[in-house]
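Trainee: Below you will find the structure I want to go over with you.
The values are calculated or read from the model by the stated rules, or taken from the named source; none is laboratory data. No experiment lies behind these values; they were computed from the predicted model shown. No Cβ is skipped: glycine too gets one built from the backbone with ideal geometry, and neighbour counts run over all protein chains shown.
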Amino acid sequence: MQNTYDCNFNAPAMSIPENVSTFPKLLRTKAQSYPNRRFLGTREYLKTGFRGAYEWYSYQDVDRICALLAQGLTEIGLKRGDKAGIISPNRTEWTIVDFACSIAGVVLVPIYDTQSAEDIAYVCQDAELKICFSSLDRLEKIKAVKDKFETVVVFDDRVDDRAYLQQKLDAKLLPANVYFQPRAQTVFDEFDKEEGIYDPAPENKAYPKVDKDGYSDQICRLRRNQNGFFSYKIEDKWLSILTKSAKAADVSFVSHTFWKLVQLGYEKFFSKETNEMAHSNTEVPVDVHVTTPDSLLSLVYTSGTTGKPKGVMLTQGNIIWTSYVMQLHRVIPEDNPINSLKQQMKSRQEYQLCVLPFAHIYQRALQSVSIFTAGALGSCQGTAQMLQDVKELRITFFVLVPRIIQKIVEGVTSKLEKSSSIKRALFDKFYGMRKQYYTKIQTEMNDLTWNDFMNNTQVPKIHETQKLSRFNYPKISNIVFNQFPQMLGGRCRFFVTGSAPLAQQHGEFIAICFNLHLFEGYGMTETGSHGCVQSIDTVNFGQIGKGLDPNTKLKLLSVPEMGYCVSDSCIVDLGGRSEMINCPRGELLIKGPTVFQGYYNDPVKTEESFIDGYFATGDIAEFNPVTQEVKLIDRKRGIVKLSQGEFISINHIEDAISKSRFVESVFLYANRYHPYTLAVVVPNEAYFQQKGFKSGENLSRSAAAIKMLTEDVKRVCKEYQLKSFEIPKVVVIESEPWTPDNGLLTPALKIKRPACKAKYEAIMLSIIKKLDKIEGNNIEQYAEQVIRTIDEGSHISEVDSISGYSGVR
């Protein structure tokens, strides 16, 4: 390819061990090596109606349940290559279904619960789903398409769901017994002692007393009978407590429950009279060679921003590679781990809270990252309870998005504002002390980066271990900051973030207050969530990092029509030193073992998405040869993800806005830090005059004109069925026409987006800053703030650092 640049990261060579090269092999290998380690955890249900500590299935438990469920799928007629849908929040059954399907060769198709009914119907039809798994609270989302499935399976591993189904579902569809139940923390503490990883919860934590099998009388839990089974039935006295907050669900079209399918698998192998799973040496037969790295694992449908959703075909090898590389190079074992009793451990088991939805391939890849480390995965109750779950689980690393980091920062600062003047003064004093130390380290690291670049000695740093506390801040500052790590459970050593750019000030705040490593990453569904990740040592945020393995190739392709070329130069400002450097810019292309196999049933779109074997991401990137990092700076196809995670199509929205008779030309502004859009419009002055405005009137400073235009744009957008987050909150009027002469239109009279972005971004950000302080939805107030901002002029100096294009999509 001409006009391209190869991004070379000098990444070390690697290969996947054969015994973990597929998901069935990975699970069986870890179950054999670490049978008694915690694996999948859910917060237990107390008899008080509240949620307690995490209770766990072990690696051996999960391996057996997956094998039984895989056989159950075969018993109801599913064959290798059949498609299974799943719609559910993150929970234990999601992971088990994922692995069971991979064992049986069934292709799993996640359904987003945020998708429209039309898109859900399209996905079900396009993928030819034969079966759909659903949680109780998502059955309503698939009710309209229930006839498309031969089988609907409802999840029933949680006792609250089981209690509801016991009252609402035909008893013939319920199993009489189950073979496993999660066990208490204290049981696994004993296993941990044997392995040298014992790290009990702090002594002030009051756990219920448990019997020898790890089952507590203080908790709503099933108990073993004389044959080793657990009765499925919940005692009547607990039903009202467990179903108190349950919403009504139509279960009339449910074919099986999760545990009923497991029962079908069990009865294929074992006696119905006794529970063979009660014996620790019983292994369920699994042919781990049924699937290979090239076997199709999943169809992950895109959000359909520019049309119908597209089914991204991902193999087992695609996601295994992503997960293996990530754990190898970024989940670095803790150096000299000490438990809560101040005792030395041989190693520390990793703990991850599954916050991001499994419907996105990113979280499924992260799940496997933990499994490669034989780590524990805890389910999150929901966004509102997330920090409670983080503290209860005592995570060792946190995978999140910048929006959550921003909320953490805002939560801390809000609490400070309400505290006493003495506490605020103490915080400011010691924060300033740590900030000075951080800046010193930042300067030293940036100087080393410059020296390596000038001397051509850039070599990736290999870490064998990672400290729990990153920096040796002045000890006296611990008076204030010792409490911050405890908010996360006291053993979290790094954050990794993606999906949007991280603001430098937020990254520094987290690094200073929590004293941990923090870095960003980038990937796409089509690349198996693989692409670039920053170094664990980074102190500069807003970049997406570098490649981790030499098998994954990254190129930049010039896009001259947008003004981006691989021959471009720019001033690199790092650590106070500035140099004019050749910084290639262009569309980011990716090729390697994680790149998808194509779009399902869409060979034309597949062919359009590749250039000489490289997947064309549509992201415009810049390569910084000094830091050897990639930064996303624009989007070729006009797709932007807003801060709440919703994708929008700039072109689609602009097309709708242009239908307003008030509009001559329009530029839509959106970035990934904010949940809404703004529009800049060159007005149709003749139409404004028809509405009573004077010829030559300065419409950009007329609150009445802004209000009338905004209301009409909202009306047109609703007619075109745009979603609320797509519709501009307010419209800014530009009194100067756009022309090819002033560089804002092409010769074909099309909008030049980079030029408009350069002209208007600062003023847009200033307006957004003011709008965020307004409560409610008052267009008059919005118009007043637009005029005030125009009159004041823009004073924002951080535009380049928040271009809005960064992160895992």
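Trainee: Anything in the range 595-621 that is out of contact with any Leu (no Cβ under 8 Å at 6 or more places or on another chain), in contact (Cβ under 8 Å) with a residue 40 or more places away in the chain and outside any helix (DSSP H, G or I)? List them, or say none.
Mentor: 595, 598, 599, 601, 602, 609, 612
Trainee: Determine, yes or no, whether residue 711 is among the acidic types (Asp, Glu), surrounded by 17 or more Cβ atoms within 10 Å (Cβ to Cβ) and either within 17 Å of residue 683 (Cβ to Cβ) or touching a Ser or Thr at 6+ places or on another chain (Cβ under 7 Å) (or both).
Mentor: Criteria not met by residue 711.
Conditions (1) touching a helix residue (DSSP H, G or I) at 6+ places or on another chain (Cβ under 8 Å); (2) modelled with pLDDT of 85 or more; (3) farther than 30 Å from residue 112 by Cα, marked per residue:
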| position | (1), (2), (3) |
| --- | --- |
| 145 | yes, yes, no |
| 152 | yes, yes, no |
| 166 | yes, yes, no |
| 173 | yes, yes, no |
| 183 | no, yes, yes |
| 188 | no, yes, yes |
| 209 | no, no, yes |
| 214 | yes, no, yes |
| 223 | no, no, yes |
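Trainee: I want to confirm something. Restricting to the range 371-408 and keeping residues that are among the hydrophobic types (A, V, I, L, M, F, W, C), more than 26 Å from residue 31 (Cα to Cα) and outside any helix (DSSP H, G or I), which single residue is modelled with the lowest pLDDT?
Mentor: Filtering the range 371-408 for residues that are among the hydrophobic types (A, V, I, L, M, F, W, C), more than 26 Å from residue 31 (Cα to Cα) and outside any helix (DSSP H, G or I), the one modelled with the lowest pLDDT comes out as 401.
Trainee: Somewhere in the range 376-383, is a residue more than 17 Å from the chain's Cα centre (by Cα) and over 30 Å from residue 641 (Cα atoms)?
Mentor: Yes; the residues of the range 376-383 include at least one that is more than 17 Å from the chain's Cα centre (by Cα) and over 30 Å from residue 641 (Cα atoms).
Trainee: Name, by its number, the condition in (1) out of contact with any Cys (no Cβ under 8 Å at 6 or more places or on another chain); (2) buried (at least 17 other Cβ atoms within 10 Å of the Cβ); (3) of a type outside the set (S, T, N, Q) that does not hold for residue 333.
Mentor: It fails just one condition, (2).
Every residue, every condition in (1) surrounded by fewer than 18 Cβ atoms within 10 Å (Cβ to Cβ); (2) outside the structural domain of residue 788 (by TED's automatic domain parsing); (3) closer than 16 Å to residue 786 by Cβ, yes or no:
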| site | (1), (2), (3) |
| --- | --- |
| 717 | no, no, no |
| 729 | no, no, yes |
| 732 | no, no, yes |
| 745 | no, no, no |
| 750 | yes, no, no |
| 764 | no, no, yes |
| 769 | yes, no, yes |
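Trainee: Is there a residue being part of a helix (DSSP H, G or I), of a type outside the set (D, E, K, R) and within 24 Å of residue 367 (Cβ to Cβ) anywhere in the range 415-423?
Mentor: Within the range 415-423, not a single residue is part of a helix (DSSP H, G or I), of a type outside the set (D, E, K, R) and within 24 Å of residue 367 (Cβ to Cβ).
Trainee: Being of a type in the set (Ser, Thr, Tyr), at pLDDT 95 or above and either more than 18 Å from residue 183 (Cβ to Cβ) or assigned to a loop (DSSP other than H, G, I, E, B) (or both) is the filter here, so list the residues in the range 5-46 that pass it.
Mentor: Those that are of a type in the set (Ser, Thr, Tyr), at pLDDT 95 or above and either more than 18 Å from residue 183 (Cβ to Cβ) or assigned to a loop (DSSP other than H, G, I, E, B) (or both): 5, 21, 22, 29, 33, 34.
Trainee: Given the range 47-122, what strands (runs of 3 or more DSSP E) lie entirely inside it while holding 1 or more residues that are touching a residue at least 60 places away in the same chain (Cβ under 8 Å) and over 27 Å from residue 302 (Cβ atoms)?
Mentor: On the way: elements: 51-58, 83-87, 107-110.
Per the criteria, 51-58.
Trainee: Determine which member of the set 676, 669 is among the hydroxyl-bearing types (Ser, Thr, Tyr), buried (at least 23 other Cβ atoms within 10 Å of the Cβ) and under 18 Å from residue 782 (Cβ atoms).
Mentor: Matching residue, one of 676, 669: 669.
Trainee: Sticking with this structure for a sec: Could you pull out every one of the helices (runs of 4 or more DSSP H) wholly within the range 225-329 that has 1 or more residues that are within 30 Å of residue 107 (Cα to Cα)?
Mentor: 258-269, 316-329
Trainee: Do any strands (runs of 3 or more DSSP E) lying entirely in the range 517-593 carry at least 3 residues that are over 29 Å from residue 397 (Cα atoms), under 29 Å from the mean Cα position of the chain (by Cα) and assigned by TED's automatic domain parsing to the domain that holds residue 443, and which ones are they?
Mentor: 553-557, 585-591
Trainee: Let me ask something else. Would you check which residues across the range 326-344 are in contact with a strand residue (DSSP E or B) (Cβ under 9 Å, 6 or more places away or on another chain) and closer than 23 Å to residue 496 by Cβ and list them?
Mentor: 326, 329, 330, 331, 332, 333, 334, 335, 336, 337
Trainee: Go through the range 726-743 and count every residue that is in contact with a strand residue (DSSP E or B) (Cβ under 7 Å, 6 or more places away or on another chain) and under 14 Å from residue 668 (Cα atoms).
Mentor: 8
Trainee: Being of a type in the set (D, E, K, R) and crowded, with 21+ Cβ neighbours inside 10 Å, is that true of even one residue in the range 74-82?
Mentor: No, because not a single residue in the range 74-82 is of a type in the set (D, E, K, R) and crowded, with 21+ Cβ neighbours inside 10 Å.
Trainee: Same structure, new question: Of (1) of a type in the set (Val, Ile, Thr); (2) surrounded by fewer than 14 Cβ atoms within 10 Å (Cβ to Cβ); (3) in contact with a Lys or Arg (Cβ under 6 Å, 6 or more places away or on another chain), residue 251 satisfies all except one. Which?
Mentor: Checking residue 251 against (1) of a type in the set (Val, Ile, Thr); (2) surrounded by fewer than 14 Cβ atoms within 10 Å (Cβ to Cβ); (3) in contact with a Lys or Arg (Cβ under 6 Å, 6 or more places away or on another chain), the one that fails is (2).
Trainee: Tell me, which residue of the range 93-121 that is more than 29 Å from residue 27 (Cα to Cα) and under 24 Å from the mean Cα position of the chain (by Cα) is modelled with the lowest pLDDT?
Mentor: So the residue we want is 114.
Trainee: Among (1) surrounded by fewer than 22 Cβ atoms within 10 Å (Cβ to Cβ); (2) without any contact (Cβ under 8 Å) to a residue 60 or more places away in the chain, which single condition is residue 516 missing?
Mentor: Tallying (1) surrounded by fewer than 22 Cβ atoms within 10 Å (Cβ to Cβ); (2) without any contact (Cβ under 8 Å) to a residue 60 or more places away in the chain, residue 516 fails exactly one: (1).
Trainee: Something else now. Of the residues that make up the range 472-487, is at least one at negative phi, in contact with a Gly (Cβ under 9 Å, 6 or more places away or on another chain) and surrounded by fewer than 18 Cβ atoms within 10 Å (Cβ to Cβ)?
Mentor: No, the range 472-487 has no match at all.
Trainee: Of the residues in the range 191-203, how many are over 33 Å from the mean Cα position of the chain (by Cα) and modelled with pLDDT under 95?
Mentor: Final tally of qualifying residues: 1.
Trainee: Just to be sure, is residue 663 buried (at least 21 other Cβ atoms within 10 Å of the Cβ), touching a residue at least 40 places away in the same chain (Cβ under 8 Å) and farther than 28 Å from residue 113 by Cα?
Mentor: Taking the combined requirement at face value, the residue satisfies it.
Trainee: Can you find a residue that is of a type in the set (Phe, Trp, Tyr) and at pLDDT 95 or above anywhere in the range 620-630?
Mentor: The answer is yes, given that some residue of the range 620-630 is of a type in the set (Phe, Trp, Tyr) and at pLDDT 95 or above.
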